[in-house]
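Participant: Below you'll find the structure I mean.
Values quoted throughout were computed directly from the atomic coordinates according to the rules given, and no laboratory measurement underlies them. Quick caveat, the model's predicted, so the values are computed rather than measured. Virtual Cβ from ideal backbone geometry, glycine too; neighbours counted across all protein chains shown.
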């Protein structure tokens, strides 16, 4: 958290919502949830930038609301789509939230997070996988180490001051929708760049205001698809840790390798996944994968 003077109050919040063909129903529900929750926050204005990717350019029918801006894009990948959305939003908003189509932030989280941004460039919260809204909770802040937020990599449970994102973008060469074998890690890489550029050691955290995400039936398939990117980053964190977080990343690496070894004992599929995770970790530790951009601080745009 910042120890300097209080920053200016925020009143304009931008939501970047990427979606692709096949996610139309989720997108409509996501946008509807944002409009419903924002109706409870009269002191905030909003811009919802929908980054719709399709081959035919035909987007789902969204509410006729001036707060919604639709970008119709080719199939350029999740990172590139979010970058286009961020380009459209910056200069028009004070704060930014990257909202997956399955994420349902509520008014309580948004109000508490916007308030926290008066004293810090970003605020984060836990993720709750649930079909129904979460009730109760608390606005109490608990600062956590920056490495914890980076390692989790859930960028869609965080809110950022717009000026904290100046000059920073998602790496467009990796992640969903690209041909890269690294189908994950783009979110954590952006978090790493924000933290290292701003020199953050602690980040305000809202444990009593979790951000809800709908359960996904394809998590098992994603575990295999994401293993390469995740393992590579675990190794890279030991080479390029955030400030004062090397012991934490070492602890997480031990846990990661321990689970990977256990997978080796769980039949052919488990052995394949365990080997994939361990190989990716070693590759990240040695920086030997030419298909993955090196983890590093500083501005990054569309290229490596």
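Participant: Filter region 138-166 for residues that are out of contact with any strand residue (DSSP E or B) (no Cβ under 8 Å at 6 or more places or on another chain) and part of a loop (DSSP other than H, G, I, E, B) and give the result.
Facilitator: Of everything in region 138-166, those that are out of contact with any strand residue (DSSP E or B) (no Cβ under 8 Å at 6 or more places or on another chain) and part of a loop (DSSP other than H, G, I, E, B) turn out to be 138, 139, 140, 153.
Participant: Can you tell me which residues in region 14-37 are within 22 Å of residue 157 (Cβ to Cβ) and assigned to a helix (DSSP H, G or I)? Lay out the reasoning, then the answer.
Facilitator: Within region 14-37, the subset within 22 Å of residue 157 (Cβ to Cβ) is 14-20, 23, 26-37.
Listed by number, the residues that qualify are 26, 27, 28, 29, 30, 31, 32, 33, 34, 35, 36, 37.
Participant: Return a yes/no flag: does region 67-77 have any residue that is buried (at least 16 other Cβ atoms within 10 Å of the Cβ) and touching a residue at least 60 places away in the same chain (Cβ under 8 Å).
Facilitator: Yes, because at least one residue in region 67-77 is buried (at least 16 other Cβ atoms within 10 Å of the Cβ) and touching a residue at least 60 places away in the same chain (Cβ under 8 Å).
Participant: Return the residues of region 261-283 that are without any contact (Cβ under 8 Å) to a residue 24 or more places away in the chain and over 14 Å from residue 225 (Cα atoms); say none if nothing qualifies.
Facilitator: 261, 262, 263, 264, 265, 266, 267, 268, 271, listed by residue number.
Participant: Considering region 104-123 alone, what residues qualify as being over 18 Å from residue 37 (Cβ atoms) and buried (at least 16 other Cβ atoms within 10 Å of the Cβ)? I'd like the intermediate steps shown before the answer.
Facilitator: Going residue by residue through region 104-123, those that are over 18 Å from residue 37 (Cβ atoms) are 118-122.
Those that are over 18 Å from residue 37 (Cβ atoms) and buried (at least 16 other Cβ atoms within 10 Å of the Cβ): 119, 120, 121, 122.
Participant: So, in region 203-256, how many residues would count as being assigned to a helix (DSSP H, G or I), surrounded by fewer than 20 Cβ atoms within 10 Å (Cβ to Cβ) and in contact (Cβ under 8 Å) with a residue 60 or more places away in the chain?
Facilitator: Residues in region 203-256 being assigned to a helix (DSSP H, G or I), surrounded by fewer than 20 Cβ atoms within 10 Å (Cβ to Cβ) and in contact (Cβ under 8 Å) with a residue 60 or more places away in the chain: 2 in total.
Participant: Further, regarding this structure: Here are 99, 135: which of them is closer than 23 Å to residue 21 by Cβ and either touching a strand residue (DSSP E or B) at 6+ places or on another chain (Cβ under 9 Å) or free of Cβ contacts under 8 Å to residues at least 40 places away in the same chain (or both)? If you could, list the steps in order and put the result at the bottom.
Facilitator: Values: 135 fails: closer than 23 Å to residue 21 by Cβ.
Sole residue among the options that is closer than 23 Å to residue 21 by Cβ and either touching a strand residue (DSSP E or B) at 6+ places or on another chain (Cβ under 9 Å) or free of Cβ contacts under 8 Å to residues at least 40 places away in the same chain (or both): 99.
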